Amino acid sequence: MILVAAAALQSCSDSVGKNQTVITRDQIPVAIQTLQKSAAASTVHVSGQFVTEEEPMLSFKTGGIIERIFVKEGDAIRKGQLLATLDLTEINAQVAQAKLALEKAQRDYTRVHNLYRDSVATREQFENAKTGLDVAEQQWKAAQFNRSYSEIRAVRDGFVLRKMANEGQLIESGTSVLQTNGAGNGQWKLRVGVSDREWTSIKTGDKAEVTSDAWNKPIAGHVTRKSEGVDAASGTFSIEITLDAKPEAIASGMFGKASISVAASANVWTIPYEALLDGDAKNGYVFVTNDGKTAIKVPVVVGKITRDSIQIVSGLENANAVIVSGSAYLRDQSPITISKK
């Protein structure tokens, strides 16, 4: 009886061992998708504000008291138009002093030159008089220059956007008084902020469609500038889209939207959502197979995420097919069998 029981136990043990071996060698049924590269063309949707080609902040070259501001916010202006002026009492006095100093230097130079010619004055005295005349001439030019920039004139046709000072106000040199734009030349732009990934994909010259609540039909445009640094205030990169035509109704600061057609660049692989495991904003894992018998777990870099699929920009260079279902039961080097859909 003991021998029979031992034989029975041995038989059961062998049976269990055989069953365990069969389980570990079971092939997991999966579905696969053959990998093919495709061009990474896409559309980037952005929003921002309309601006003109240039919106300079105008100021006086010298400090002083503002005597007159001839325009208000929203006024149309013409190139060369007088916009504001300082009280010129002080600057006119400086110009007069410079002129008197120049006249004295001219007299001194003439007198010393005559004495030097008669061998009465030394060469050093003559050269000093010549230097004094040159200095007086430059001071005269500087005073005239400051006098001309004690008034503000429009640099181009456009509109007054902001008035930042008032008549009678004492301001320092370089303090902004008016902000204008160049709306008259028709070069309107949509300035938008984009993420680092969008900034990388967008290229200068990419086509765009620009829309706004102020008009019904979209207006064609193209990317004309990419910033080379992050805006400290918003934390985004700046992109400028130039409109190919001037809208009928538009104003600086108006809100707008654009769809940028990103030009095809590097090739990518497109896979379904189910194939990606442990994905975050940029990285994840997928199972691939090259022989149809073994699953291999590989890290990948995620690109654009669309409604129906995910673009993989790297990591699948050496793979023939990606496993799109059954991945939850797999480990690296798991045996698989390809199931028919």
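The values are calculated or read from the model by the stated rules, or taken from the named source; none is laboratory data. Not measured: the values here are computed from a predicted model. Here Cβ is always computed from backbone atoms with ideal geometry, including for glycine, and neighbour counts include all displayed protein chains.
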Check your understanding: What single numbered condition from (1) more than 30 Å from Lys257 (Cβ to Cβ); (2) in contact with a helix residue (DSSP H, G or I) (Cβ under 7 Å, 6 or more places away or on another chain); (3) touching a residue at least 60 places away in the same chain (Cβ under 8 Å); (4) surrounded by 18 or more Cβ atoms within 10 Å (Cβ to Cβ) fails to hold for Arg147?
Key -> (3)
Exercise for review: Starting from residues that are without any contact (Cβ under 8 Å) to a residue 60 or more places away in the chain and touching a Gly at 6+ places or on another chain (Cβ under 9 Å), keep the ones in the stretch 200-215 and report whichever is surrounded by the fewest Cβ atoms within 10 Å (Cβ to Cβ).
Suggested key: Asp213
Practice item. Please work out which residue is farthest from the chain's Cα centre (by Cα), limiting yourself to the stretch 108-139 and to residues that are closer than 17 Å to Ala98 by Cα and among the small types (Gly, Ala, Ser). Key: Ala129
Practice item. May I ask you to list the residues in the stretch 251-274 that are among the aliphatic types (A, V, I, L, M), touching a strand residue (DSSP E or B) at 6+ places or on another chain (Cβ under 6 Å) and part of a loop (DSSP other than H, G, I, E, B)? Key: Met254, Ala264
Point to revise | Enumeration of residues in the stretch 126-174 that are part of a loop (DSSP other than H, G, I, E, B), over 21 Å from Thr62 (Cα atoms) and not basic (Lys, Arg) | key: Asp157
Check your understanding: Here are Glu274, Glu209: which of them is closer than 30 Å to Leu330 by Cβ and over 11 Å from the mean Cα position of the chain (by Cα)?
Key -> Glu274
Check your understanding: Among the residues of the stretch 275-287, is any touching a strand residue (DSSP E or B) at 6+ places or on another chain (Cβ under 9 Å), β-branched (Val, Ile, Thr) and under 26 Å from Leu190 (Cα atoms)?
Key -> no
Exercise for review: Check whether at least one residue in the stretch 216-229 is without any contact (Cβ under 8 Å) to a residue 24 or more places away in the chain, of a type in the set (A, V, I, L, M) and not assigned by TED's automatic domain parsing to the domain that holds Gly158, and report yes or no.
Suggested key: no
Exercise for review: Determine, yes or no, whether Glu124 is acidic (Asp, Glu), surrounded by 13 or more Cβ atoms within 10 Å (Cβ to Cβ) and over 24 Å from Ala84 (Cβ atoms).
Suggested key: no
Practice item. Confirm whether Ile250 is under 30 Å from Lys189 (Cβ atoms) and either exposed (fewer than 14 other Cβ atoms within 10 Å of the Cβ) or touching a residue at least 60 places away in the same chain (Cβ under 8 Å) (or both). Key: yes
Point to revise | In the stretch 262-312, the residues that are modelled with pLDDT of 85 or more, charged (D, E, K, R) and either surrounded by 20 or more Cβ atoms within 10 Å (Cβ to Cβ) or more than 14 Å from Ile32 (Cβ to Cβ) (or both) | key: Lys297
Review point. Among (1) in contact (Cβ under 8 Å) with a residue 40 or more places away in the chain; (2) over 30 Å from Leu161 (Cβ atoms); (3) assigned to a loop (DSSP other than H, G, I, E, B), which single condition is Ser119 missing?
Key: (1)
Point to revise | Test result for Gly235, touching a residue at least 60 places away in the same chain (Cβ under 8 Å), under 27 Å from Pro56 (Cα atoms) and part of a loop (DSSP other than H, G, I, E, B) | key: no
Revision key, fill the gap. Selection over the stretch 313-334 where residues are under 15 Å from Ile32 (Cβ atoms) and not small (Gly, Ala, Ser) yields a count of 7
